[in-house]
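Down below is the structure, laid out as structure tokens.
The values are calculated or read from the model by the stated rules, or taken from the named source; none is laboratory data. Please read these numbers as outputs of a predicted model, since none were measured by experiment. Don't worry about glycine lacking a Cβ; one is built from the backbone with ideal geometry, like all the others, and counts go over all protein chains shown.
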Amino acid sequence: MKSNQDLRNINAMRFLGIDAVSRANSGHPGAILGASPIIYTLFKNHLNYSVKNPTWINRDRFVLSNGHASMLLYGIQHLIGNPDLNIEEIKKFRQLNSKAPGHPEYGVTQGIEFTTGPLGQGLAGAVGMALNQVLLEAEYGHIANELINYHTYVMVGDGCLQEGISEEVIALAGCHKLKN
């Protein structure tokens with residue numbers, strides 16, 4: 001059961017997202033309203049990460065494949081204290097040179113693991129991240145598993161799953177028996 005503070009945080013994500021989309025006069029509010037509890041719970045209870053060390057090698061990875069729902073990612077990053085996504089940057093959502101562009105962009109904003117835009121691309125990137133861990137273990141053996149043991153999470157939308165790339169990478173993940 002969620003506490004009152006959890007519900008306030010989830011609603012803060014929703015309000016931040018809806019306000020940013022409204023201010024930009026552009027964006028997709030549906031996922032913000034519907035998936036905020038999922039993203040909040042994932043970041044609060046499951047992800048192993050450090051805001052102070054965002055490139056820590058053993059961090060869990062989260063990829064938002066349906067990048068048009070980027071305010072979900074920016075909202076949770078704001079709540080966890082990501083310095084790149086303070087309220088002033090959130091107010092610049094979808095503006096040029098903003099740390100909160102319309103789709104997440106790796107290298108522009110701390111805490112963004114993968115650039116997404118074309119539907120299904122994020123799912124492919126997440127499978128690649130998970131496969132990387134398997135390849136490191138194959139190369140370096142048991143010691144790699146002890147040192148690098150992260151999980152890769154991905155959120156996909158229905159549009160992502162309709163793309164051919166998604167079928168291909170899902171088959172690849174199954175072929176390699178990815179479980180991370």
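Residues that are free of Cβ contacts under 8 Å to residues at least 60 places away in the same chain and small (Gly, Ala, Ser) were ranked within region 54-98; the one that is surrounded by the most Cβ atoms within 10 Å (Cβ to Cβ) is SER70. Step by step: first the residues of region 1-53, then only those that are part of a helix (DSSP H, G or I) and of a type in the set (Lys, Arg), then the one that is surrounded by the fewest Cβ atoms within 10 Å (Cβ to Cβ). Which residue is that? If we take residues in region 1-53 being part of a helix (DSSP H, G or I) and of a type in the set (Lys, Arg), then ARG8 is surrounded by the fewest Cβ atoms within 10 Å (Cβ to Cβ).
Restricting SER3, SER36 to those that are hydroxyl-bearing (Ser, Thr, Tyr), over 16 Å from TYR106 (Cα atoms) and over 13 Å from the mean Cα position of the chain (by Cα) reduces the list to SER3.
Candidates in region 39-48 are the residues that are in contact (Cβ under 8 Å) with a residue 24 or more places away in the chain and more than 11 Å from ILE76 (Cα to Cα); of these, the one that is nearest to the chain's Cα centre (by Cα) is LEU47. Would you pick out the residues in region 60-103 that are assigned to a loop (DSSP other than H, G, I, E, B), under 23 Å from ALA126 (Cα atoms) and not basic (Lys, Arg)? Passing the criteria: ASP60, SER65, ASN66, ILE80, ASN82, ALA100, PRO101, GLY102, HIS103. Residues in region 144-158 that are loosely packed, with under 14 Cβ neighbours inside 10 Å and under 20 Å from THR116 (Cα atoms): 1 in all. Those helices (runs of 4 or more DSSP H) of region 115-180 in which 2 or more residues are touching a strand residue (DSSP E or B) at 6+ places or on another chain (Cβ under 6 Å) and at pLDDT 90 or above occupy 121-140. When region 36-55 is filtered for residues that are small (Gly, Ala, Ser) and farther than 19 Å from MET155 by Cβ, only SER50 remains.
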